[in-house]
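These notes are about the structure you will find just below.
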Amino acid sequence: MYHHEMILKHAFDVLKNSYAPYSEFHVAACIEVENGEYITGVNVENASYGLSNCAERSAIFSAYTQGYRKNDIKAIAVVTRAEKITTPCGACRQVLSELLCPDTPVILSNGKKELVTNMKELLPFSFGQEDLTEG
Ligand code: THU
């Protein structure tokens, strides 16, 4: 079981590091792994807008960089201070659906409201590694 308050605290703590001078929309994410470590990420934008990286992808790529894999991940939190809870974009859903287990909690919060979901719900009928076979 993940630590609900702690994962959200770490996510909100790193929100100040979001680099979003173009959209001015700040997003942070935090992954809790089996050994109790928290790995964070923020959105990092670029003048060539399409090359921006979302907070969820920053966090999951860092976790994989550190050698963790989907079975080591207890939960991921994605936070903003927006009016409405932010859900992962389509690109992040594709990436997270491969790099997280389908039932791993995905916690979305804006500091006022929360939604706990998972990749099975966020990306049903997904395309993945197992689909790359012919014949
Ligand atoms: N963004 C994220 O980092 N995560 C989301 O779940 C939604 C969108 C970022 C991408 C871009 O830097 C900014 O928010 C506006 O789309």
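Remarks
- The heavy atoms of residue 19 present about 110 square angstrom of accessible area, all protein chains included, probe 1.4 Å.
- Highest-MSF residue in the chain out of 109, 23, 97 [GNM, Cα springs under 10 Å]: 23
- Whole-Hz couplings from phi, Karplus 6.51/-1.76/1.60, listed for the range 18-24; x for Gly and Pro: 4, 10, 9, x, 8, 7, 6
- Student exercise, the range 55-135 dipole from Lys, Arg, Asp, Glu Cβ charges, in Debye to nearest 20: 460 debye
- Cross-link reach list, lysines versus residue 16, counting only Cα pairs under 28 Å and skipping chain neighbours closer than eight places: 70, 74, 84, 112, 113
- Remark: the chain projects, on average over all directions, an area of 9.0 nm² (convex hull of Cα atoms).
- For residue 74, the amide hydrogen comes within under 5 Å of the amide hydrogens of 32, 33, 34, counting only partners 5 or more places away or on other chains and with H modelled in the peptide plane.
- Against the criterion of solvent-accessible heavy-atom surface with a 1.4 angstrom probe, 1, 119 sort, most first, into 1, 119.
- The solvent-accessible area of residue 72, taken with every protein chain present and a 1.4 Å probe, is close to 50 Å².
- Computed accessible area, residue 93, all protein chains, 1.4 angstrom probe, square angstrom: 50 Å²
- Which of 75, 125, 44, positive extreme of dipole for the chain (C-beta unit charges): 44
- When the helices of the chain are scored as -39500 (n - 2.57) per DSSP H run of n ≥ 4 and the total is divided over every residue, the value at 222 nm lands at -7500 deg cm²/dmol.
- Inverse of mean 1/r across different Cα pairs in the range 53-120, Kirkwood, Å: 12.2 Å
The values are calculated or read from the model by the stated rules, or taken from the named source; none is laboratory data. Note that the structure is a prediction, hence the values are computed from the model and not measured. So basically every Cβ, Gly included, is an ideal-geometry build from the backbone, and we count neighbours across all protein chains shown. Just so you know, the surface numbers come from the protein's heavy atoms only, side chains and all, with ligands and any DNA or RNA stripped out. Shrake-Rupley method; radii C 1.70, N 1.55, O 1.52, S 1.80 Å.
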